[in-house]
Amino acid sequence: MNRRGGALLLALLILVLLGGLASLALAAGRLRARSGDRTLAQARARATALSGLAEREAHWDPAFAQALPVGGADALPGTPVLTDGLQRTDSLLRLGASLYLLRTIGELRDGSGNLLAREGLGRLLRLEAPGIPDSAAAFVRGPVMLLADSSLSGSDQVPAGWSASCPPPDSGASALHLGTIPAVTPVVSCPSGRCLVGAPMVVPDSTLSLGFLDRLPVSGFTALAAAADHQVTVPVLTPGPVTTLGTCNATRADNWGDPAVLAAPCGPHRPLLVVGNPFRMQDGLGQGILLAPGDLEFAGAAHFVGVVLAAGQVSLRDQALVEGVVLAEGGLQVEDLARLRRSTCAVRHALLGARRPLRPVPRGFWRWP
């Protein structure tokens, strides 16, 4: 009997021990599962935050960034709508004239709204504008033709209505920098004899050789085109300011800002634009930086203020007016009553609007819990 009782007790002890071991194994499995769930949730939150940094850099809002005072911070507009419990908030802090801290927070919540994981990431960004010369009205590889009563002036001028936003014009400069490869000379044929204004009128410039647009300081033509706000695909366009409910609608590719009324909603809007090949601006208003991979024409009463970069020929005809600077590899032709005027103020404002986080600050990326 004692043997039977001892055996039964031993069996019970073994069963209890096995049950305990099974419970421990089950608990350990649950812990591992929970740990895996937490790791997966944290990875999803981190991926959400990383995507926020990449998206905000790729779709930089220069007007929003420029409006922030130094030391000021604000949530970035256009909060994305995510699914599967993921949420993201993005904000921007201005640390200096050209230095910003981009911050994004990714969160994962369950169906009841309880927080499962949270990841915050930040990246320091230094804005840089392309190095565009403004010491002449035009920098052209050649050839150049000035016909009829057109004009090309190197005298620095302030666009109409911009006096409150511009310093006094600088001293006179050359009207034209002309490439020497191939060797060309401008053809001037106007009855008034005042088509070309500058001191000196023409400066030979050996740097204006084939491909010089891609050799501009900081970022050349190709890099600028990749960072453009809009790709204009139609061959002919009459652009102008576009407002929605009283605010400037910067999402429209035909909204090139309002250089005529700086106090208007689209007055500060100076986009970076890429047009097709060929392209004609027929009448309308525009400002900013205009990139043309081929031939570019301003016709009718077209009025553009800022920087024009063209891999082909730039033509101004009718009563077109361009204020700022033109850089062209394929030549320049100004005819009829068209005018090309140098404006350092127009160039500077265009470059402010074109600043992009092209070069993140080294070691400018970190996370916080």
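Can you name the number of the only condition in (1) modelled with pLDDT of 90 or more; (2) under 29 Å from Val275 (Cα atoms); (3) under 27 Å from the mean Cα position of the chain (by Cα) that Gly220 fails?
Against the list (1) modelled with pLDDT of 90 or more; (2) under 29 Å from Val275 (Cα atoms); (3) under 27 Å from the mean Cα position of the chain (by Cα), Gly220 comes up short only on (1).
Please enumerate the residues belonging to the range 310-321 that are farther than 17 Å from Gly257 by Cβ, in a strand (DSSP E or B) and among the hydrophobic types (A, V, I, L, M, F, W, C).
Ala310, Val314, Leu316
Starting from residues that are among the aliphatic types (A, V, I, L, M) and under 30 Å from Leu309 (Cα atoms), keep the ones in the range 79-101 and report whichever is surrounded by the most Cβ atoms within 10 Å (Cβ to Cβ).
My answer is Leu99.
So which residues in the range 314-331 are touching a Pro at 6+ places or on another chain (Cβ under 9 Å) and at pLDDT 95 or above?
Correct list: Glu323, Gly324, Val325, Leu327.
Quick one: Thr233 ticks every box in (1) surrounded by 16 or more Cβ atoms within 10 Å (Cβ to Cβ); (2) β-branched (Val, Ile, Thr); (3) modelled with pLDDT of 90 or more bar one, so which box is it?
(1)
Could you give me the residue pairs with C-beta distances under 8 Å whose first residue belongs to the range 271-299 and is within 22 Å of Thr251 (Cα to Cα) and assigned to a loop (DSSP other than H, G, I, E, B), whose second residue is of a type in the set (Phe, Trp, Tyr) and at pLDDT 95 or above wherever it lies, and which are 6+ apart or on separate chains?
Correct list of pairs: Pro271/Trp256; Gly284/Trp256.
If I ask for residues that are on the phi > 0 side of the Ramachandran plot and modelled with pLDDT under 85, which ones from the range 21-80 would you list? Let's see the steps before the verdict.
Narrowing the range 21-80 to residues on the phi > 0 side of the Ramachandran plot: 71, 78.
If the condition is that a residue be on the phi > 0 side of the Ramachandran plot and modelled with pLDDT under 85, then Gly78 is the only one that fits.
Return the total of residues in the range 122-137 being within 30 Å of Arg46 (Cα to Cα) and aliphatic (A, V, I, L, M). Quick ask: steps written out before the conclusion?
We begin by selecting, within the range 122-137, every residue within 30 Å of Arg46 (Cα to Cα); these are 122-128.
Adding the requirement that they be aliphatic (A, V, I, L, M) leaves 124-125, 127.
Counting residues in the range 122-137 that are within 30 Å of Arg46 (Cα to Cα) and aliphatic (A, V, I, L, M) gives 3.
Looking only at the range 120-143, which residues are at pLDDT 90 or above and surrounded by 17 or more Cβ atoms within 10 Å (Cβ to Cβ)?
Passing the criteria: Ile132, Asp134, Ala136, Ala137, Ala138, Phe139, Val140, Arg141.
Let me confirm something: among Ala250, Ala223, which residue is assigned by TED's automatic domain parsing to the domain that holds Asp318, hydrophobic (A, V, I, L, M, F, W, C), surrounded by fewer than 17 Cβ atoms within 10 Å (Cβ to Cβ) and under 25 Å from Pro357 (Cα atoms)?
From the options Ala250, Ala223, the qualifying one is Ala223.
Taking the range 96-119 on its own, how many of its residues are at pLDDT 90 or above and part of a loop (DSSP other than H, G, I, E, B)?
0
Looking for whichever is among the aliphatic types (A, V, I, L, M), modelled with pLDDT of 95 or more, in contact with a strand residue (DSSP E or B) (Cβ under 7 Å, 6 or more places away or on another chain) and surrounded by fewer than 23 Cβ atoms within 10 Å (Cβ to Cβ) here; the options are Ala310, Ala299. Which one fits?
On the way: Ala310 fails: surrounded by fewer than 23 Cβ atoms within 10 Å (Cβ to Cβ).
On inspection, the qualifying residue turns out to be Ala299.
The values are calculated or read from the model by the stated rules, or taken from the named source; none is laboratory data. Predicted, not measured: the structure shown is a model, and the values here were computed from it. Ideal geometry is used to build each Cβ from the backbone, glycine not excepted, and the neighbour counts take in all protein chains shown.
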